[in-house]
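The values are calculated or read from the model by the stated rules, or taken from the named source; none is laboratory data. These numbers were taken from a predicted model, which means no experiment stands behind them. Here Cβ is always computed from backbone atoms with ideal geometry, including for glycine, and neighbour counts include all displayed protein chains.
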Amino acid sequence: MSGPLTRLRNKIRSARGYSWPEKLLVLPSLVLLGLARLAILFLPFRFYVRVLGKVVSQGQPAPGVTEASDRAARSIGRSVRATAALTPWESVCLPQAMAASVLLKLRGVPHCVHFGLAPGEQTPEAAPMKAHAWIVAGDRVVTGGPVLPEYRIVATFAPRSLP
């Protein structure tokens, strides 16, 4: 028994390491990742970026979080990342950031979403720049981590409810 069945069995086994709150976030994470992917494919950036909140100072540190908010951010991050690995569509950093941002807002967890750019390949036609999106809540990188030092923050977003 190899191939897809083995992968499925391994995924089921690895789910044992997740808490019930994290397991309950799988379905909402799946739906939000799917909606994020559709938005990225069919809508201009200016429309779906509103999900991330308002533009704030580049590189603004994330507001501090309580212990309960940190636990919620950890659970949301684990669930979104694990669900993204299972989707049949591409669920890289931006859809993960969009899905996690919605879930963090629903839980009232203060956070910031950072967009960064890094130099690409040596030949500009191959890949002139690499882009990345990640979420930070307090000191925790919720999605998109670990963030490599070559990424320079070019935009930071915060939920509209944050100061």
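For region 58-83, which residues satisfy the criterion of being aliphatic (A, V, I, L, M), surrounded by fewer than 23 Cβ atoms within 10 Å (Cβ to Cβ) and in contact (Cβ under 8 Å) with a residue 12 or more places away in the chain?
The answer is VAL65, ALA72, ALA82.
Looking only at residues in region 131-163 that are over 20 Å from ALA84 (Cα atoms) and of a type in the set (D, E, K, R), which one is modelled with the lowest pLDDT?
It comes out as ARG160.
I'm checking my understanding of the structure. Among residues of region 2-39 that are β-branched (Val, Ile, Thr) and modelled with pLDDT under 95, which one is surrounded by the most Cβ atoms within 10 Å (Cβ to Cβ)?
My answer is VAL26.
Would you point out the residue of region 138-161, among those that are of a type in the set (A, V, I, L, M, F, W, C) and in a loop (DSSP other than H, G, I, E, B), that is surrounded by the fewest Cβ atoms within 10 Å (Cβ to Cβ)?
Checked region 138-161; the qualifying residue surrounded by the fewest Cβ atoms within 10 Å (Cβ to Cβ) is LEU148.
Which ones in region 28-55 are closer than 15 Å to LEU103 by Cα and part of a helix (DSSP H, G or I)?
PRO28, SER29, LEU30, VAL31, LEU32, LEU33, GLY34, LEU35, ALA36, ARG50, VAL51, LEU52
Give the residues of region 56-114 that are farther than 21 Å from TRP20 by Cβ, part of a helix (DSSP H, G or I) and among the hydroxyl-bearing types (Ser, Thr, Tyr), sorted by residue number.
SER101
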